[in-house]
Amino acid sequence: MKSFLIFALCFLAVSSQLTENIKKCYQYFLSQGLTKEGAAGLIGNLKAESGVRPDILEYSKQRKLQMTSEQYIQKTNDGTYTNFVNDRAGFGLVQWTYPSRKQNLYNRCKGKIQDLYCQLDLLMYEIKSYKAVYNTITTSKNVAECAKIVMMKYERPGNQSEENQNKRANMAMAIYRDLIAFFGDGGAKTVDTTSTETEEPTTTGRTYTVVKGDTLTKIAKKFNTTVKRLCELNNIKNANLIRIGQVLRID
């Protein structure tokens with residue numbers, strides 16, 4: 001009994017560090033072909049930039065603009081605030097700041113600029129153009145290497161000191177350990193499409209978490225959509241390959 005309680009307390013201590021956004025980002029990045037280490041390295045940088053929050057406005061700009069994050073989002077989405085692109089206020093998961101990047105965010109996520117998966121889609125679109133970064137996070141098994149190249153080649157913060165690089169690497173490695181402890185195998189089991197064993201599916205609004213026995217055809221029928229649409233929404237290249245624990249966008 002005592003050992004069980006110790007285990008339970010340890011598990012709660014680990015899982016409490018993993019926000020739902022971190023879990024969703026991890027599963028999303030795995031579905032995009034990143035290694036577990038690459039996903040953790042990228043999330044470590046998101047943690048440093050925004051706390052892995054898609055709905056956060058840079059704190060110093062909240063004072064300058066005299067708006068909270070919630071007000072900024074609402075006024076941008078309903079069109080009453082029209083300087084979103086050019087205000088150079090960091091916003092979202094990676095704290096998009098430059099006008100060209102905020103324009104892309106606005107165009108892609110118009111009316112829902114705080115949407116996690118919309119921002120993740122933009123992040124992956126951007127990062128694929130940074131060849132060295134993309135190649136590293138899709139092949140490397142070294143968390144620190146992934147965290148540092150994302151910081152130096154993609155995020156490029158003002159403080160690029162070795163100390164800050166190590167800080168982000170350490171943050172990424174802590175997240176990696178927590179994710180592996182939580183998911184066990186990293187949430188990347190291949191779905192057994194021939195199995196008749198089923199589990200209770202999990203739905204959370206606009207997303208669906210894959211369980212054993214699922215196929216895209218079954219999921220499409222359940223939500224009255226098409227396999228093609230699911231592939232487009234989730235950037236799935238092979239419709240026959242989805243993973244248990246993978247979070248799919250439905251609409």
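Residue separation times 0.36 nm, minus the C-alpha to C-alpha distance between Tyr59 and Lys218: what's the value?
Values: separation 159, 0.36 × 159 = 57.24 nm, distance 4.41 nm.
Difference between extended and current length: 52.8 nm.
Using the structure shown, select from Lys102/Lys222; Lys141/Lys237; Lys23/Lys153; Lys110/Lys153; Lys64/Lys112; Lys23/Lys221 the pairs with a Cα to Cα distance greater than 32 angstrom.
Values: Lys102/Lys222 36 Å; Lys141/Lys237 23 Å; Lys23/Lys153 24 Å; Lys110/Lys153 27 Å; Lys64/Lys112 23 Å; Lys23/Lys221 26 Å.
In this structure, Lys102/Lys222 exceed 32 Å between Cα atoms.
What is the extension gain from Asn104 to Asn235, computed as 0.36 nm multiplied by their sequence separation minus the C-alpha to C-alpha distance, in nm to one decimal? Intermediate values should be presented prior to the final figure.
Values: separation 131, 0.36 × 131 = 47.16 nm, distance 1.82 nm.
Extra length available between Asn104 and Asn235 comes to 45.3 nm.
Of the peptides 63-70, 52-59, 82-89, how do they stack up when ordered by the mean number of other Cβ atoms within 10 Å, highest first? Write out the running numbers ahead of the final one.
Working: 63-70: 12.8, 52-59: 19.9, 82-89: 15.2.
The most tightly packed comes first, giving 52-59, 82-89, 63-70.
Net charge within 14 Å of Tyr130 by Cβ-Cβ distance, Lys/Arg positive one each and Asp/Glu negative one each, not counting Tyr130 itself? All intermediate terms of the calculation are to be shown ahead of the outcome.
Values: positive: Arg101, Lys128, Lys131, Lys148, Lys153, Arg156; negative: Glu126, Glu155.
Once all neighbours under 14 Å are counted, the net charge is +4.
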Seminar exercise, completed: Once both label points are put 7 Å beyond Cα along the C-beta direction, the Asn164-Asn77 separation in nm becomes 3.2 nm
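Quick check: net charge around Tyr59, other residues with Cβ under 15 Å of its Cβ, Lys/Arg +1 and Asp/Glu -1? The partial results should precede the final answer.
Working: positive: Arg53, Lys61, Arg63, Lys64, Arg88; negative: Glu49, Asp55, Glu58, Glu70, Asp87.
Surrounding charge for Tyr59 is 0.
What is the gain in length, in nm to one decimal, between Ala181 and Asp251 on full extension, counting 0.36 nm per residue of separation less the C-alpha to C-alpha distance? Please list the in-between numbers first.
Working: separation 70, 0.36 × 70 = 25.20 nm, distance 3.08 nm.
Extra length from Ala181 to Asp251 when fully extended: 22.1 nm.
Just so you know, all these numbers are worked out from the coordinates, no wet-lab data involved. All values reported here derive from a predicted model rather than from experimental measurement. So basically every Cβ, Gly included, is an ideal-geometry build from the backbone, and we count neighbours across all protein chains shown.
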